[in-house]
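Trainee: First the structure, then my questions, so here it is.
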Amino acid sequence: MDRKIDVGCYYFPNYHPNDARNAAVHGSGWSEWELVKAARPRFPGHRQPLKPLWGYTDESRPEVMARKIDAAWSHGIDYFIFDYYHYNDGTFLSGCLDRGFLPAAAESPLKFALMWANHDWLDIHPCGRVSRPLLYPGKVDQDDFRRMCRHVTEHYFRHPSYYTINGMPYFSIYHLELLIESCGGFAGTREALQWFREEARRAGLPGVHLNAVIWGSPVLPGETELTEQEKVVQQLGFDSAASYVWIHHIDLPKAAQYPYLEAFQAYWRKWDEIERQYRIPYFPNVTAGWDPSPRTLMTDRWEPVGYPYTCTLSENTPENFRRALAATRDRLLKSEIRTFSINCWNEWTEGSMLEPEARYGYGYLDALKAVFPRT
(Lines give C-alpha, C1' and ligand atoms only; values in the text may rest on other atoms or scores of the structure.)
Protein backbone atom coordinates (compact mmCIF):
# COMPACT_ATOMS: atom_id res chain seq x y z
CA MET A 1 0.00 0.00 0.00
CA ASP A 2 1.22 3.49 -0.86
CA ARG A 3 2.10 5.23 2.42
CA LYS A 4 2.68 8.68 0.90
CA ILE A 5 0.51 11.44 2.31
CA ASP A 6 0.20 14.65 0.30
CA VAL A 7 0.43 17.74 2.49
CA GLY A 8 -1.71 20.65 1.31
CA CYS A 9 -1.54 24.12 2.80
CA TYR A 10 -4.03 26.95 2.36
CA TYR A 11 -2.68 30.26 1.11
CA PHE A 12 -4.49 33.57 1.63
CA PRO A 13 -3.45 35.99 -1.15
CA ASN A 14 -4.01 39.44 0.37
CA TYR A 15 -0.39 40.46 0.93
CA HIS A 16 0.40 42.36 -2.26
CA PRO A 17 -0.27 46.07 -2.84
CA ASN A 18 -2.51 47.80 -5.35
CA ASP A 19 -5.14 45.19 -6.03
CA ALA A 20 -7.80 47.29 -7.72
CA ARG A 21 -10.57 46.44 -5.26
CA ASN A 22 -8.36 47.03 -2.23
CA ALA A 23 -7.09 50.31 -3.64
CA ALA A 24 -10.66 51.52 -4.20
CA VAL A 25 -11.55 50.87 -0.55
CA HIS A 26 -8.29 51.41 1.34
CA GLY A 27 -6.16 53.55 -0.97
CA SER A 28 -3.10 52.98 -3.12
CA GLY A 29 -0.43 50.63 -1.78
CA TRP A 30 -2.63 48.92 0.80
CA SER A 31 -2.39 45.23 1.63
CA GLU A 32 -3.32 43.29 4.72
CA TRP A 33 0.22 43.81 6.02
CA GLU A 34 -1.10 47.16 7.26
CA LEU A 35 -3.29 45.34 9.79
CA VAL A 36 -0.36 43.17 10.90
CA LYS A 37 1.73 46.28 11.53
CA ALA A 38 -1.07 48.07 13.39
CA ALA A 39 -2.04 45.18 15.70
CA ARG A 40 -1.72 45.67 19.44
CA PRO A 41 -2.31 43.46 22.52
CA ARG A 42 -6.05 43.30 23.16
CA PHE A 43 -6.02 41.58 26.58
CA PRO A 44 -3.42 40.59 29.22
CA GLY A 45 -0.91 38.06 27.91
CA HIS A 46 -1.87 38.65 24.28
CA ARG A 47 1.12 38.51 21.92
CA GLN A 48 0.67 41.15 19.24
CA PRO A 49 1.89 42.47 16.90
CA LEU A 50 3.36 39.53 15.02
CA LYS A 51 6.55 40.27 13.11
CA PRO A 52 7.35 38.41 9.87
CA LEU A 53 10.96 37.22 9.79
CA TRP A 54 11.12 37.83 6.02
CA GLY A 55 9.64 41.31 6.30
CA TYR A 56 6.45 42.76 4.81
CA THR A 57 7.01 41.25 1.40
CA ASP A 58 5.07 41.62 -1.86
CA GLU A 59 3.80 38.14 -2.78
CA SER A 60 3.07 39.22 -6.36
CA ARG A 61 6.82 39.38 -7.07
CA PRO A 62 8.22 36.08 -8.42
CA GLU A 63 11.45 36.36 -6.43
CA VAL A 64 9.46 36.71 -3.20
CA MET A 65 7.23 33.78 -4.06
CA ALA A 66 10.25 31.67 -5.05
CA ARG A 67 11.48 31.89 -1.46
CA LYS A 68 8.11 30.78 -0.15
CA ILE A 69 7.94 27.90 -2.62
CA ASP A 70 11.42 26.68 -1.69
CA ALA A 71 10.68 26.82 2.04
CA ALA A 72 7.31 25.10 1.61
CA TRP A 73 8.63 22.25 -0.53
CA SER A 74 11.81 21.66 1.50
CA HIS A 75 9.79 21.45 4.73
CA GLY A 76 7.22 18.92 3.51
CA ILE A 77 4.40 20.80 1.75
CA ASP A 78 3.30 19.24 -1.54
CA TYR A 79 0.78 21.82 -2.73
CA PHE A 80 -0.69 25.21 -1.89
CA ILE A 81 -4.46 25.64 -1.94
CA PHE A 82 -4.99 29.25 -2.94
CA ASP A 83 -8.08 31.03 -1.68
CA TYR A 84 -9.55 32.04 -5.03
CA TYR A 85 -11.89 35.04 -5.20
CA HIS A 86 -14.29 35.64 -8.07
CA TYR A 87 -17.34 37.86 -7.82
CA ASN A 88 -19.91 38.96 -10.39
CA ASP A 89 -17.60 41.59 -11.82
CA GLY A 90 -14.49 39.43 -11.96
CA THR A 91 -11.55 38.16 -9.96
CA PHE A 92 -10.02 39.58 -6.80
CA LEU A 93 -6.50 39.15 -5.33
CA SER A 94 -5.28 37.26 -8.39
CA GLY A 95 -1.94 39.12 -8.52
CA CYS A 96 -0.39 36.73 -6.01
CA LEU A 97 -1.11 33.63 -8.08
CA ASP A 98 -0.80 35.05 -11.60
CA ARG A 99 2.19 37.38 -11.21
CA GLY A 100 3.94 35.79 -8.25
CA PHE A 101 3.41 32.06 -7.90
CA LEU A 102 3.02 30.81 -11.46
CA PRO A 103 6.23 32.39 -12.84
CA ALA A 104 8.15 31.26 -9.75
CA ALA A 105 6.78 27.70 -9.74
CA ALA A 106 8.08 26.79 -13.19
CA GLU A 107 11.21 25.12 -11.80
CA SER A 108 9.65 23.67 -8.62
CA PRO A 109 7.85 20.39 -7.92
CA LEU A 110 5.43 22.23 -5.59
CA LYS A 111 1.86 22.01 -6.92
CA PHE A 112 -1.10 24.33 -6.46
CA ALA A 113 -4.88 24.06 -6.36
CA LEU A 114 -7.80 26.44 -5.90
CA MET A 115 -10.50 26.84 -3.30
CA TRP A 116 -13.23 29.17 -4.54
CA ALA A 117 -13.66 31.42 -1.51
CA ASN A 118 -17.22 32.37 -2.44
CA HIS A 119 -18.09 34.02 0.86
CA ASP A 120 -19.31 37.58 1.28
CA TRP A 121 -16.38 40.00 1.38
CA LEU A 122 -16.92 42.29 4.34
CA ASP A 123 -15.01 45.39 5.35
CA ILE A 124 -13.24 43.87 8.35
CA HIS A 125 -9.88 45.50 7.66
CA PRO A 126 -10.32 46.54 10.44
CA CYS A 127 -13.85 46.64 11.86
CA GLY A 128 -15.56 47.60 15.07
CA ARG A 129 -17.69 45.32 17.21
CA VAL A 130 -20.87 46.31 15.37
CA SER A 131 -20.12 47.63 11.87
CA ARG A 132 -19.07 45.09 9.21
CA PRO A 133 -20.19 46.58 5.85
CA LEU A 134 -20.69 44.21 2.91
CA LEU A 135 -18.42 45.13 0.00
CA TYR A 136 -18.81 42.20 -2.42
CA PRO A 137 -21.56 39.56 -2.11
CA GLY A 138 -20.47 35.95 -2.44
CA LYS A 139 -23.59 35.08 -4.40
CA VAL A 140 -22.99 35.32 -8.15
CA ASP A 141 -25.36 34.81 -11.05
CA GLN A 142 -25.39 31.57 -13.03
CA ASP A 143 -23.76 33.10 -16.09
CA ASP A 144 -20.87 34.38 -14.02
CA PHE A 145 -20.49 31.01 -12.34
CA ARG A 146 -19.90 29.55 -15.79
CA ARG A 147 -17.48 32.33 -16.67
CA MET A 148 -15.53 31.54 -13.53
CA CYS A 149 -15.47 27.82 -14.37
CA ARG A 150 -14.24 28.50 -17.89
CA HIS A 151 -11.54 30.82 -16.56
CA VAL A 152 -10.10 28.38 -14.02
CA THR A 153 -10.28 25.54 -16.55
CA GLU A 154 -8.41 27.47 -19.20
CA HIS A 155 -5.89 29.36 -17.06
CA TYR A 156 -5.16 26.98 -14.18
CA PHE A 157 -6.37 23.39 -14.61
CA ARG A 158 -4.21 22.84 -17.68
CA HIS A 159 -1.09 24.16 -15.94
CA PRO A 160 1.51 21.40 -15.35
CA SER A 161 1.81 22.39 -11.69
CA TYR A 162 -1.88 22.01 -10.92
CA TYR A 163 -2.63 19.42 -8.22
CA THR A 164 -4.78 16.48 -9.29
CA ILE A 165 -6.46 13.49 -7.68
CA ASN A 166 -6.76 10.48 -9.98
CA GLY A 167 -5.73 12.76 -12.82
CA MET A 168 -8.52 15.26 -12.19
CA PRO A 169 -7.79 18.85 -11.08
CA TYR A 170 -8.78 19.43 -7.46
CA PHE A 171 -11.22 22.32 -7.04
CA SER A 172 -12.71 23.14 -3.65
CA ILE A 173 -15.77 25.30 -2.90
CA TYR A 174 -15.91 27.12 0.42
CA HIS A 175 -19.52 28.19 0.95
CA LEU A 176 -22.10 25.62 -0.11
CA GLU A 177 -25.13 27.68 0.86
CA LEU A 178 -24.05 30.60 -1.34
CA LEU A 179 -23.20 28.17 -4.14
CA ILE A 180 -26.77 26.86 -4.03
CA GLU A 181 -28.17 30.40 -3.98
CA SER A 182 -25.94 31.31 -6.94
CA CYS A 183 -27.19 28.37 -8.96
CA GLY A 184 -30.88 28.96 -8.24
CA GLY A 185 -31.47 26.05 -5.90
CA PHE A 186 -30.55 22.43 -5.38
CA ALA A 187 -31.43 21.15 -8.86
CA GLY A 188 -29.66 24.08 -10.50
CA THR A 189 -26.54 23.39 -8.45
CA ARG A 190 -26.41 19.76 -9.50
CA GLU A 191 -26.77 20.85 -13.10
CA ALA A 192 -24.10 23.55 -12.75
CA LEU A 193 -21.56 21.19 -11.20
CA GLN A 194 -22.21 18.60 -13.87
CA TRP A 195 -21.72 21.29 -16.51
CA PHE A 196 -18.41 22.20 -14.84
CA ARG A 197 -17.20 18.59 -15.11
CA GLU A 198 -18.22 18.45 -18.76
CA GLU A 199 -16.49 21.76 -19.47
CA ALA A 200 -13.26 20.28 -18.13
CA ARG A 201 -13.71 17.22 -20.36
CA ARG A 202 -14.27 19.47 -23.36
CA ALA A 203 -10.91 21.04 -22.51
CA GLY A 204 -9.26 17.63 -22.73
CA LEU A 205 -9.19 16.88 -19.00
CA PRO A 206 -10.66 13.75 -17.40
CA GLY A 207 -13.05 15.88 -15.31
CA VAL A 208 -12.83 17.82 -12.05
CA HIS A 209 -12.39 16.50 -8.52
CA LEU A 210 -14.97 18.63 -6.70
CA ASN A 211 -14.35 19.16 -3.01
CA ALA A 212 -16.83 20.69 -0.54
CA VAL A 213 -15.61 22.64 2.47
CA ILE A 214 -17.80 21.71 5.43
CA TRP A 215 -18.23 23.13 8.91
CA GLY A 216 -20.39 22.92 11.97
CA SER A 217 -19.64 26.25 13.64
CA PRO A 218 -19.95 29.26 11.31
CA VAL A 219 -17.37 31.97 11.97
CA LEU A 220 -17.63 34.93 9.60
CA PRO A 221 -20.68 37.19 9.87
CA GLY A 222 -23.35 35.91 7.50
CA GLU A 223 -22.10 32.32 7.50
CA THR A 224 -24.65 29.68 8.40
CA GLU A 225 -24.49 25.93 8.75
CA LEU A 226 -26.34 24.16 5.95
CA THR A 227 -29.14 21.90 7.18
CA GLU A 228 -28.36 18.20 6.62
CA GLN A 229 -25.04 19.18 5.12
CA GLU A 230 -23.84 15.60 4.69
CA LYS A 231 -26.86 14.72 2.54
CA VAL A 232 -26.52 17.88 0.45
CA VAL A 233 -22.82 17.21 -0.22
CA GLN A 234 -23.51 13.64 -1.26
CA GLN A 235 -26.53 14.40 -3.43
CA LEU A 236 -24.77 17.25 -5.22
CA GLY A 237 -22.16 14.74 -6.30
CA PHE A 238 -19.05 16.11 -4.58
CA ASP A 239 -16.06 13.78 -4.71
CA SER A 240 -14.72 14.69 -1.28
CA ALA A 241 -15.15 16.97 1.71
CA ALA A 242 -12.58 19.02 3.60
CA SER A 243 -12.21 21.57 6.38
CA TYR A 244 -10.61 25.00 6.21
CA VAL A 245 -9.83 25.50 9.90
CA TRP A 246 -10.57 23.80 13.24
CA ILE A 247 -12.60 26.79 14.35
CA HIS A 248 -15.29 25.79 11.84
CA HIS A 249 -15.97 22.70 13.94
CA ILE A 250 -15.58 23.67 17.57
CA ASP A 251 -17.46 26.00 19.89
CA LEU A 252 -15.06 28.57 21.26
CA PRO A 253 -15.68 29.72 24.82
CA LYS A 254 -16.63 33.31 25.58
CA ALA A 255 -13.12 33.98 26.82
CA ALA A 256 -9.90 35.52 25.61
CA GLN A 257 -8.00 32.28 25.07
CA TYR A 258 -8.51 28.54 24.62
CA PRO A 259 -5.64 26.00 24.84
CA TYR A 260 -4.46 24.70 21.48
CA LEU A 261 -4.40 21.01 22.40
CA GLU A 262 -7.91 21.21 23.85
CA ALA A 263 -9.07 22.69 20.54
CA PHE A 264 -7.33 19.83 18.73
CA GLN A 265 -9.10 17.26 20.90
CA ALA A 266 -12.45 18.92 20.20
CA TYR A 267 -11.73 18.83 16.47
CA TRP A 268 -10.60 15.18 16.72
CA ARG A 269 -14.01 14.26 18.12
CA LYS A 270 -15.65 16.16 15.27
CA TRP A 271 -13.48 14.23 12.80
CA ASP A 272 -14.96 11.01 14.23
CA GLU A 273 -18.45 12.38 13.69
CA ILE A 274 -17.73 13.47 10.12
CA GLU A 275 -16.41 10.03 9.21
CA ARG A 276 -19.61 8.46 10.52
CA GLN A 277 -21.91 10.89 8.70
CA TYR A 278 -20.29 11.36 5.30
CA ARG A 279 -20.13 8.71 2.60
CA ILE A 280 -17.37 10.41 0.62
CA PRO A 281 -13.68 10.82 1.50
CA TYR A 282 -12.95 13.49 4.10
CA PHE A 283 -9.63 15.34 3.99
CA PRO A 284 -8.90 16.57 7.54
CA ASN A 285 -7.17 19.73 8.72
CA VAL A 286 -4.40 20.74 11.08
CA THR A 287 -4.61 24.36 12.22
CA ALA A 288 -1.50 26.25 13.27
CA GLY A 289 -3.29 28.85 15.41
CA TRP A 290 -6.19 31.27 15.67
CA ASP A 291 -6.17 34.99 16.46
CA PRO A 292 -8.19 37.33 14.19
CA SER A 293 -7.65 40.30 16.51
CA PRO A 294 -5.54 42.25 13.96
CA ARG A 295 -8.80 42.74 12.08
CA THR A 296 -10.41 44.42 15.08
CA LEU A 297 -10.50 48.18 15.45
CA MET A 298 -7.70 48.91 17.92
CA THR A 299 -9.59 51.86 19.42
CA ASP A 300 -12.70 49.75 20.08
CA ARG A 301 -13.09 47.70 23.25
CA TRP A 302 -12.16 44.04 22.79
CA GLU A 303 -14.58 41.41 24.00
CA PRO A 304 -15.57 38.04 22.44
CA VAL A 305 -18.77 39.15 20.70
CA GLY A 306 -18.25 37.58 17.26
CA TYR A 307 -15.70 37.57 14.47
CA PRO A 308 -13.12 39.07 14.50
CA TYR A 309 -13.70 39.64 18.20
CA THR A 310 -13.36 35.95 19.05
CA CYS A 311 -11.58 33.76 21.52
CA THR A 312 -8.01 33.03 20.41
CA LEU A 313 -5.94 29.85 20.66
CA SER A 314 -3.15 29.87 23.23
CA GLU A 315 -0.17 27.52 23.57
CA ASN A 316 -0.03 26.92 19.82
CA THR A 317 3.70 26.32 19.99
CA PRO A 318 5.66 24.53 17.26
CA GLU A 319 5.88 21.50 19.56
CA ASN A 320 2.11 21.31 20.05
CA PHE A 321 1.67 21.81 16.30
CA ARG A 322 4.06 18.89 15.75
CA ARG A 323 1.95 16.72 18.07
CA ALA A 324 -1.21 17.50 16.10
CA LEU A 325 0.58 16.74 12.82
CA ALA A 326 1.97 13.43 14.09
CA ALA A 327 -1.41 12.28 15.40
CA THR A 328 -3.03 13.21 12.08
CA ARG A 329 -0.35 11.38 10.09
CA ASP A 330 -0.74 8.22 12.18
CA ARG A 331 -4.51 8.26 11.80
CA LEU A 332 -4.33 8.79 8.05
CA LEU A 333 -1.87 5.92 7.63
CA LYS A 334 -4.53 3.62 9.07
CA SER A 335 -7.07 4.83 6.51
CA GLU A 336 -7.40 5.13 2.75
CA ILE A 337 -7.11 8.93 2.82
CA ARG A 338 -3.84 10.24 1.45
CA THR A 339 -4.06 14.01 1.78
CA PHE A 340 -4.94 16.66 4.35
CA SER A 341 -4.69 20.43 4.68
CA ILE A 342 -2.91 22.85 6.97
CA ASN A 343 -4.32 26.23 7.91
CA CYS A 344 -2.45 28.22 6.90
CA TRP A 345 0.72 29.30 5.13
CA ASN A 346 0.08 32.99 5.80
CA GLU A 347 -3.12 33.87 7.64
CA TRP A 348 -1.24 36.55 9.56
CA THR A 349 -4.38 38.47 10.48
CA GLU A 350 -6.01 35.28 11.77
CA GLY A 351 -2.94 34.11 13.68
CA SER A 352 -2.47 30.89 11.71
CA MET A 353 0.69 30.81 9.63
CA LEU A 354 3.71 28.68 8.87
CA GLU A 355 5.74 31.56 7.45
CA PRO A 356 8.61 32.39 9.82
CA GLU A 357 7.76 34.86 12.59
CA ALA A 358 10.08 36.60 15.05
CA ARG A 359 9.27 34.49 18.12
CA TYR A 360 9.59 30.95 16.72
CA GLY A 361 11.45 31.57 13.48
CA TYR A 362 11.19 28.46 11.31
CA GLY A 363 9.73 26.48 14.22
CA TYR A 364 6.42 25.55 12.60
CA LEU A 365 8.08 24.60 9.32
CA ASP A 366 10.68 22.54 11.15
CA ALA A 367 7.88 20.75 13.05
CA LEU A 368 6.24 19.91 9.73
CA LYS A 369 9.53 18.67 8.28
CA ALA A 370 10.08 16.43 11.31
CA VAL A 371 6.72 14.70 10.77
CA PHE A 372 6.70 14.68 6.96
CA PRO A 373 10.36 14.55 5.91
CA ARG A 374 11.43 14.47 2.28
CA THR A 375 13.05 11.04 1.84
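Trainee: Work the Kirkwood hydrodynamic radius out for the chain: mean of 1/r over every pair of different alpha-carbon atoms, inverted, in Å. Don't jump to the answer; show the numbers that get you there.
Mentor: Numbers: mean 1/r = 0.0478 Å⁻¹.
For the chain, inverting the mean 1/r across all distinct Cα pairs yields 20.9 Å.
Trainee: Just to be sure I follow the rule: in the chain, considering lysines 8 or more places apart or on different chains, how many pairs have Cα atoms under 25 Å apart?
Mentor: Close lysine pairs under the 25 Å cut-off: 17.
Trainee: Output needed: percent of Cα pairs per 10 Å distance bin for the range 55-171, bins running from 0 to the one holding the longest distance.
Mentor: Calculated over all Cα pairs of the range 55-171, the distribution is 12, 37, 33, 16, 2 percent.
Trainee: Let me ask something additional. With a cut-off of at most 14 other beta carbons within 10 Å, and DSSP calling the residue loop, which trypsin sites (Lys or Arg not before Pro) in the range 46-88 qualify? Please list them. Spell out each step's value before the answer.
Mentor: Numbers: sites: ARG47, ARG67, LYS68; in loops: ARG47.
Answer by residue number: ARG47.
Trainee: Can you give me the C-alpha center-to-center distance between the range 297-339 and the range 242-260, rounded to a whole angstrom?
Mentor: 7 Å
Trainee: Still on this structure, please answer the following. With a 1.4 Å probe and every protein chain kept in, tell me what percent of the accessible surface of the chain is carbon plus sulfur. Mind dumping the intermediate values first?
Mentor: Numbers: 7170 of 14700 Å².
Whole-percent figure for carbon plus sulfur exposure: 49.
Trainee: OK, next. At 10 °C and a viscosity of 1.306 mPa s, what translational diffusion coefficient does Stokes-Einstein give for the range 254-320, taking Rh as the Kirkwood radius over Cα pairs? Give it in µm²/s as a whole number. If you can, show how the numbers build up before the last one.
Mentor: Numbers: Rh = 13.8 Å.
Roughly 115 µm²/s, to the nearest whole number.
Trainee: Now for a separate question. Using a simple charge model, +1 on the beta-carbon of Lys and Arg, -1 on the beta-carbon of Asp and Glu, nothing else, what dipole does the range 47-128 show about its Cα centre, in debye to the nearest 20?
Mentor: Working: 7 positive and 11 negative charges, 70 e Å.
Dipole about the Cα centre, nearest 20: 340 debye.
Trainee: Give me D for the range 121-223 in µm² s⁻¹, whole number, from Stokes-Einstein with Rh from the Kirkwood sum over alpha-carbon pairs, 25 °C and 0.890 mPa s. Kindly include the intermediate steps, with their values, before the conclusion.
Mentor: Working: Rh = 15.3 Å.
Estimated via Stokes-Einstein, D reaches 160 µm²/s.
Trainee: Which percent, nearest 5, of DSSP beta bridges in the chain are antiparallel?
Mentor: Looking only at bridges with both residues in the chain, the antiparallel portion is about 25 percent.
Trainee: Sticking with this structure for a sec: Mind checking the range 241-274 for chymotrypsin sites (Phe, Trp or Tyr not before Pro) that DSSP puts in a loop (not H, G, I, E or B) and that have at most 15 other Cβ atoms within 10 Å?
Mentor: Values: sites: TYR244, TRP246, TYR260, PHE264, TYR267, TRP268, TRP271; in loops: TYR244.
Taking the range 241-274 and a limit of 15 other Cβ atoms within 10 Å, no loop chymotrypsin sites (Phe, Trp or Tyr not before Pro) are found.
Trainee: A further question follows. What chymotrypsin sites (Phe, Trp or Tyr not before Pro) does the range 33-97 have in DSSP loop regions with at most 12 other beta carbons within 10 Å? Display every interim value, and only then the final one.
Mentor: Values: sites: TRP33, TRP54, TYR56, TRP73, TYR79, PHE80, PHE82, TYR84, TYR85, TYR87, PHE92; in loops: TRP54, TYR56.
For chymotrypsin sites (Phe, Trp or Tyr not before Pro) across the range 33-97 that sit outside H, G, I, E and B with at most 12 neighbouring Cβ atoms in 10 Å, the list reads TRP54.
Trainee: Any idea what diffusion coefficient the range 1-128 gets from Stokes-Einstein, in µm²/s, Kirkwood Rh on alpha carbon pairs, 20 °C, 1.002 mPa s? Mind dumping the intermediate values first?
Mentor: On the way: Rh = 16.2 Å.
Answer, rounded: 132 µm²/s.
Trainee: Using 0.36 nm per residue of separation minus the Cα-Cα distance, give me the extension gain between ARG269 and LEU134 in nm, one decimal. It would help to have the intermediate numbers written out before the result.
Mentor: Values: separation 135, 0.36 × 135 = 48.60 nm, distance 3.42 nm.
Stretched fully, the ARG269-LEU134 segment lengthens by 45.2 nm.
Trainee: Which longest run of the chain has no exposed loop site in it, a site being GluC sites (Glu not before Pro) in a DSSP loop with at most 16 other beta carbons within 10 Å, and the site itself not part of the run? Kindly include the intermediate steps, with their values, before the conclusion.
Mentor: Working: sites that count: GLU225, GLU228, GLU315, GLU336.
Longest stretch, sites excluded: 1-224.
Trainee: With every protein chain left in place, what is the accessible area per residue of the chain in square angstrom, probe 1.4 Å?
Mentor: Values: 14700 Å² over 375 residues.
With the other protein chains kept in place, the chain gives 39 Å² per residue.
Trainee: Over the heavy atoms of VAL25, what accessible area does a 1.4 Å probe trace out, to the nearest 10 Å²?
Mentor: Approximately 60 Å² of VAL25 is accessible to the 1.4 Å probe.
The values are calculated or read from the model by the stated rules, or taken from the named source; none is laboratory data. Everything quoted here is computed from the prediction, not taken from an experiment. As a convention, Cβ positions derive from the backbone with ideal geometry for all residues, glycine included, and neighbour counts pool all protein chains shown. Note: accessible area is taken over every heavy atom of the protein model, side chains too, but ligands, DNA and RNA are not part of it. Shrake-Rupley method; radii C 1.70, N 1.55, O 1.52, S 1.80 Å.
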